[in-house]
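See structure below.
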């Protein structure tokens, strides 16, 4: 499996476990067995292919999410782990509805652009929204405006991720507020809606969804993320014609909370069964993506850690769990529930790692 599986998760897990029970096998020999098995077996790749082909659009509140839970439980049961179980969680229930539409109306031209609604956001209504546009480079620029400058308009948050930062997650974090709290702030200023530049350093025509803070309809406004290439186009045209208008229509709904599950597989420790090392990923994925990197790969490589240990006969002294958390994208219900239940049961965790930064290259940021 090359770097996909072992260099980060399996290696660290092994270091913090203890040697095989009743065995004189050296650490070096165990490491070699792990790498040999990883390099000669492509089961994790095949599992990832099956997951993304059969269960795309697997938000926790979608039927595909439920089916992915059942399948993941099945493959861990077939590995004959010591324990495999589902942990019930409560999740927010947001549905996108039919595909979003948007266009720039510049003089006599109507230019279609690619957008998608933000998770937990509200719909525009059947007629959509059309208004003049005020462009800002993030939250602080909006706060610097008066309500008269914003009232009745669509706020266009065009803060780009900084491509010069080595850690892209820091760049993401600096720009993420415009989507998470931007619609609520725009509502305070009397805006009709918001358009947010997609959070990616790529310049392309694919809009990136994400979450916005859930709020009553009178405290927020409809919002869409716009593809970066189209964000650049909108910005350019606004400079040429500040009077142009933007139109968009969304059909999303916030429904009552529903139930989903974390999926957990475990190899029980031989000496410290009540002390846990956890590897995991989040099984849910956005409904406009098959979710290979975010985060199908993280889930399948976490399961692969246990498969390799079973295959080579490794018996850890501490219990090792693979946890497929559900609902990371919308409201993080899976992670919160796992932590709450671990505390309630008095479980001692000595290490926990979630793999959620893609599976192409292994990198650690501090």
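A few points about this structure:
- In the set (1) under 28 Å from residue 357 (Cα atoms); (2) assigned to a loop (DSSP other than H, G, I, E, B); (3) in contact with a helix residue (DSSP H, G or I) (Cβ under 7 Å, 6 or more places away or on another chain), residue 190 fails one condition alone, (1).
- Tally, over the range 1-58, of residues that are modelled with pLDDT of 65 or more and closer than 21 Å to residue 300 by Cβ: 26
- Which listed residue, of 298, 313, is under 29 Å from residue 93 (Cβ atoms) and in contact (Cβ under 8 Å) with a residue 40 or more places away in the chain: 298
- Selection from the range 153-169 of residues that are surrounded by 12 or more Cβ atoms within 10 Å (Cβ to Cβ) and either touching a helix residue (DSSP H, G or I) at 6+ places or on another chain (Cβ under 6 Å) or farther than 19 Å from residue 211 by Cβ (or both): 153, 154, 155, 156, 157, 158, 159, 160, 161, 162, 165, 167
- Yes/no for residue 185 being in contact with a helix residue (DSSP H, G or I) (Cβ under 9 Å, 6 or more places away or on another chain), without any contact (Cβ under 8 Å) to a residue 24 or more places away in the chain and surrounded by 13 or more Cβ atoms within 10 Å (Cβ to Cβ): no
- Any chance residue 135 is touching a helix residue (DSSP H, G or I) at 6+ places or on another chain (Cβ under 6 Å) and farther than 29 Å from residue 335 by Cβ: yes
- The one condition in (1) touching a helix residue (DSSP H, G or I) at 6+ places or on another chain (Cβ under 8 Å); (2) crowded, with 20+ Cβ neighbours inside 10 Å; (3) over 20 Å from residue 134 (Cβ atoms); (4) outside the structural domain of residue 75 (by TED's automatic domain parsing) that residue 205 fails to fulfil: (2)
- Of the strands (runs of 3 or more DSSP E) lying entirely inside the range 53-125, those carrying at least 2 residues that are in contact with a helix residue (DSSP H, G or I) (Cβ under 8 Å, 6 or more places away or on another chain) and buried (at least 21 other Cβ atoms within 10 Å of the Cβ) are 83-95.
- Hey, residue 236 surrounded by fewer than 18 Cβ atoms within 10 Å (Cβ to Cβ) and within 30 Å of residue 338 (Cβ to Cβ) or not: no
- Checking each residue in the range 127-145 for being in a loop (DSSP other than H, G, I, E, B) and either crowded, with 18+ Cβ neighbours inside 10 Å or without any contact (Cβ under 8 Å) to a residue 12 or more places away in the chain (or both) picks out 128, 144.
- Entry remark, the range 99-126: residues being out of contact with any strand residue (DSSP E or B) (no Cβ under 6 Å at 6 or more places or on another chain), touching a residue at least 12 places away in the same chain (Cβ under 8 Å) and within 23 Å of residue 240 (Cβ to Cβ) number 3 in total.
The values are calculated or read from the model by the stated rules, or taken from the named source; none is laboratory data. Keep in mind it's a predicted model, so treat the numbers as computed, not measured. A quick note on method: Cβ atoms are made from the backbone with ideal geometry, for glycine too, and the neighbour counts reach across all protein chains shown.
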